[in-house]
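Worksheet: the structure to be examined is printed underneath.
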Amino acid sequence: MDVGATTSPESSILDSLDTRIARAIQLSPRASFREIADVLGVAEQTIARRYRRLRRDGLLRVTMATDPRATGNSTWLVRVRCRPEGADAIAAALAARDDVSWVSIYEAGWEIVFNLRAAEPYGGMELLTRTLPKAAPVLDVRPAVVLHTYAGGAPTDWEGWHDALTRPEADALAATRIPRGPKDGASSTTIDRADRAIIDVLSRDGRTS
């Protein structure tokens with residue numbers, strides 16, 4: 001779930017109910033408006049109206065991303081040393097890729113760090129071994145595979161709204177959450193064309209039915 005700045009001319013400050021709804025969706029992203037309403041003690045129509053406004057104003061967005069471990073793939077943390085004059089262009093090109101989660105520029109432009117999520121076996125190898133090393137501003141590329149994620153692997157890892165709901169409310173919403181697969185170890189799960197079409201839709205709106 002993403003929380004961003006609003007494009008609406010109105011205030012972007014979330015009131016108490018907005019925050020409670022956002023926390024409820026963080027705990028159970030696909031919980032129905034009825035389930036959220038029952039837990040929060042608010043009318044279903046109010047929950048639905050508030051959520052649609054938050055989403056329309058760019059304050060709240062539910063998305064979906066595949067877990068590379070479930071398909072036997074990897075996540076990489078990549079450091080790229082480059083000449084500062086080319087850092088912005090390289091960072092912008094990386095940010096436009098579907099398999100790059102985030103990009104940061106450090107050392108006054110001498111280093112770019114980004115996260116690469118391989119969607120297929122050996123995914124991203126062309127980028128790491130050919131495309132980036134051949135770019136004129138790049139001095140060297142240093143990739144490292146992520147072996148274990150201690151925090152940030154689940155939407156509930158961020159506890160900024162931990163006190164927005166009572167413990168019974170949080171537990172009730174957690175009970176509606178779709179269970180995750182095994183945390184450790186890769187599987188032989190494969191993703192076919194139909195799966196990718198579904199993933200594409202859910203990546204834009206993770207609450208699509």
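Computed with a 1.4 Å probe on the full set of protein chains, the accessible area for residue 204 sits at about 130 Å². With q set to 0.17 Å⁻¹, the log10 of I(q)/I(0) for the chain, from the Debye formula over equal scatterers at the Cα positions, is -1.22. Where is the GNM fluctuation largest for the chain (alpha-carbon springs, 10 angstrom cutoff): 13, 191, 36? Between 13, 191, 36, it is 13 that shows the largest mean-square fluctuation. Taking every protein chain into account, the 1.4 Å probe leaves residue 105 with about 70 Å² of accessible area, to the nearest ten. For the chain, find the longest principal axis of its Cα atoms and tell me its angle to the long axis of helix 16-27, 0 to 90°, nearest 10. Approximately 60 degrees, to the nearest ten. With bins 5 Å wide beginning at 0, the percent of Cα pairs of segment 4-118 falling in each bin runs 2, 10, 16, 13, 11, 12, 14, 12, 6, 3, 1, 0. Along segment 40-51 the Karplus relation, 6.51 cos²θ - 1.76 cosθ + 1.60 evaluated at θ = phi - 60°, assigns HN-Hα couplings of 7, x, 10, 4, 4, 4, 5, 4, 4, 5, 5, 4 Hz to successive residues, with x for each Gly and Pro. Carbon-plus-sulfur accessible fraction, the chain (probe radius 1.4 Å, protein heavy atoms only): 53%. When GluC sites (Glu not before Pro) are flagged only if DSSP places them in a loop and at most 16 other Cβ atoms lie within 10 Å, the longest unflagged stretch of the chain comes out as 11-158.
Taking the Cα centre of segment 71-145 as origin and assigning +1 to Lys and Arg Cβ atoms and -1 to Asp and Glu Cβ atoms, the resulting dipole is close to 160 debye. Taking the Kirkwood radius as Rh and the Cα radius of gyration as Rg, segment 29-85 has a ratio of Rg/Rh equal to 1.28. When all alpha-carbon pairs of segment 71-145 are counted, what percent fall beyond 13 Å? Considering segment 71-145, 62 percent of its Cα-Cα pairs are separated by more than 13 Å. Between helix 193-204 and the chain there is an angle of about 70 degrees, using the helix long axis and the longest principal axis of the Cα atoms. Applying the Karplus relation 6.51 cos²θ - 1.76 cosθ + 1.60 with θ = phi - 60° to segment 52-61 yields 3J(HN,Hα) values of 5, 5, 4, 6, 4, 7, x, 8, 8, 9 Hz, where x marks Gly and Pro.
Per residue, the chain exposes 61 Å² of solvent-accessible protein surface, assessed with a 1.4 angstrom probe and all protein chains in place.
The values are calculated or read from the model by the stated rules, or taken from the named source; none is laboratory data. Since the structure is predicted, the reported quantities are computational estimates derived from the model, not experimental observations. Neighbour counts are summed over all protein chains in view; Cβ atoms, including those assigned to glycine, are modelled from backbone coordinates with ideal geometry. Surface accessibility is based on the protein's heavy atoms, side chains included, excluding ligands, DNA and RNA. Shrake-Rupley method; radii C 1.70, N 1.55, O 1.52, S 1.80 Å.
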